[in-house]
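Working notes, beginning with the structure itself.
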Amino acid sequence: MSNICIISANSLENENASRNRVLSFVNSFLAEGHTVNLISMDHAEYQLIQHDHFTHHKIPFIDTKIPSFIKRAFLEMKIASSALNKANELNCDVNLITIPSMFLLHLSGLLTGSSTKILDIRDLSWEYLDENSLVNRVAKRIFTYSALLNFKRFNILSVTNDHEFEYVSKHIQSTQKIVKVPNGVAQKVFNELCTITENATNVLTVTYVGNVGLAQDLSTLIAVSKQLPQVVFNIVGGGTDFERVSAFADPKQTNLKFLGRKKFDELIEIYNHSDILYAQLTPDFASAMPSKLYEYLSTGKYVIYGGVGVASNTLNKFEHVSLVQPCDIAVLKTEIEKVIASQSYKGISVQNRMLIASQYIRDITVQKLVSEI
């Protein structure tokens, strides 16, 4: 059996999407009898799991949630280099880099030795850079060139969707393998989400759960909440854009609740008391598929998604869903009113749960990559 090192530049303690994907890899590798080392940017006392064949190594925590693009890039480079240097110290048989932290990819040449190298791509994050400024345009070109060049360093590359598969397949050699490992939900999480029932209260509630960042632009939802005072709106989570979007709220509003970050058992209760689950990505992020949507669909609740591209295409496979143009206040307001008036939000979609169970359970999908080891 192999000694495997999983390299992440994220704080898994605070970032649910990254933690859930890493956890699926860790559990699957351990189940196959491998020894697993994990590197992440977490506090010393935090342990992802307890297992005799698992060791969680920490690199120093650095706060990168700052406005300056250039300063943030240098900090992320520092984090990535620390993680890769730690991996060299461990000298494992297999090194698996998992991103969206693109600097782990850009600096992957720092990995030494003859280990099998795997790149797990959860986001093509360099593609999301806007080109409104000269600095961003130059940076995007440099990061794209670096990414395509560094793809060639890996024996195996895993992707989460068809768009990423097509993007990567154009830029690698015939000797390299690509494996599709869709995002989804863990079996244990899915089982708990399947216990959720219709909202038993008489309070119509729209809930957003996830990162509060520029990509989500929750100012759209906040604007709609002002126009629909008879509906309660929950925003669950935090992020780099929280201060900006929360400033759009009217201090006198009683129907808008900022609930902050919540543990999973607390989320179950919030889902139970919700009628509609909302998510949005701005057009710049058309190639992304928010992992939170798989969690939404597992609840069986009605979903309204503002966005285009990969996520919309995926959601077209499911029922009990409305797709609307992103960042359009009037369109979102009209759709919420339509769903409420028609009572489309009523009921729990068993079909959506069945589709998640058959195609998007992480414990099963990650086996495609584990088997390649």
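The values are calculated or read from the model by the stated rules, or taken from the named source; none is laboratory data. Predicted model only: the values in this text are computed from it and were never measured. Neighbour counts are summed over all protein chains in view; Cβ atoms, including those assigned to glycine, are modelled from backbone coordinates with ideal geometry. In case anyone asks, the SASA skips ligands and DNA or RNA and just uses the protein heavy atoms, side chains included. Shrake-Rupley method; radii C 1.70, N 1.55, O 1.52, S 1.80 Å.
The lone criterion from (1) without any contact (Cβ under 8 Å) to a residue 60 or more places away in the chain; (2) closer than 30 Å to I361 by Cβ; (3) under 22 Å from the mean Cα position of the chain (by Cα) left unmet by I118 is number (1).
Checking the conditions here, which among G306, G300 is touching a Lys or Arg at 6+ places or on another chain (Cβ under 6 Å) and either free of Cβ contacts under 8 Å to residues at least 60 places away in the same chain or of a type in the set (G, A, S) (or both)?
Details: G306 fails: touching a Lys or Arg at 6+ places or on another chain (Cβ under 6 Å).
Criteria check complete, one pass: G300.
Where helices (runs of 4 or more DSSP H) fall entirely within region 265-363, those with at least 1 residues that are closer than 22 Å to A17 by Cβ are at 292-299, 310-315, 350-359. Residues in region 105-157 that are in a helix (DSSP H, G or I), under 24 Å from E372 (Cβ atoms), open to solvent by 50 Å² or more (accessible area, probe 1.4 Å) and not basic (K, R): L110, L149. Once region 201-212 is narrowed to residues that are hydrophobic (A, V, I, L, M, F, W, C) and modelled with pLDDT of 95 or more, the residue that is surrounded by the fewest Cβ atoms within 10 Å (Cβ to Cβ) is V203.
For region 21-50, enumerate the residues that are among the acidic types (D, E) and either touching a Lys or Arg at 6+ places or on another chain (Cβ under 7 Å) or in contact (Cβ under 8 Å) with a residue 60 or more places away in the chain (or both). Quick ask: steps written out before the conclusion?
Pass one, region 21-50, residues among the acidic types (D, E): 32, 42, 45.
Passing the criteria: E32, D42.
Here V245 passes the criteria (1) assigned to a loop (DSSP other than H, G, I, E, B); (2) open to solvent by less than 20 Å² (accessible area, probe 1.4 Å) except the one numbered (1). Among the residues making up region 33-65, those that are assigned to a loop (DSSP other than H, G, I, E, B), open to solvent by less than 50 Å² (accessible area, probe 1.4 Å) and among the aliphatic types (A, V, I, L, M) are M41, L48, I49, I59, I62.
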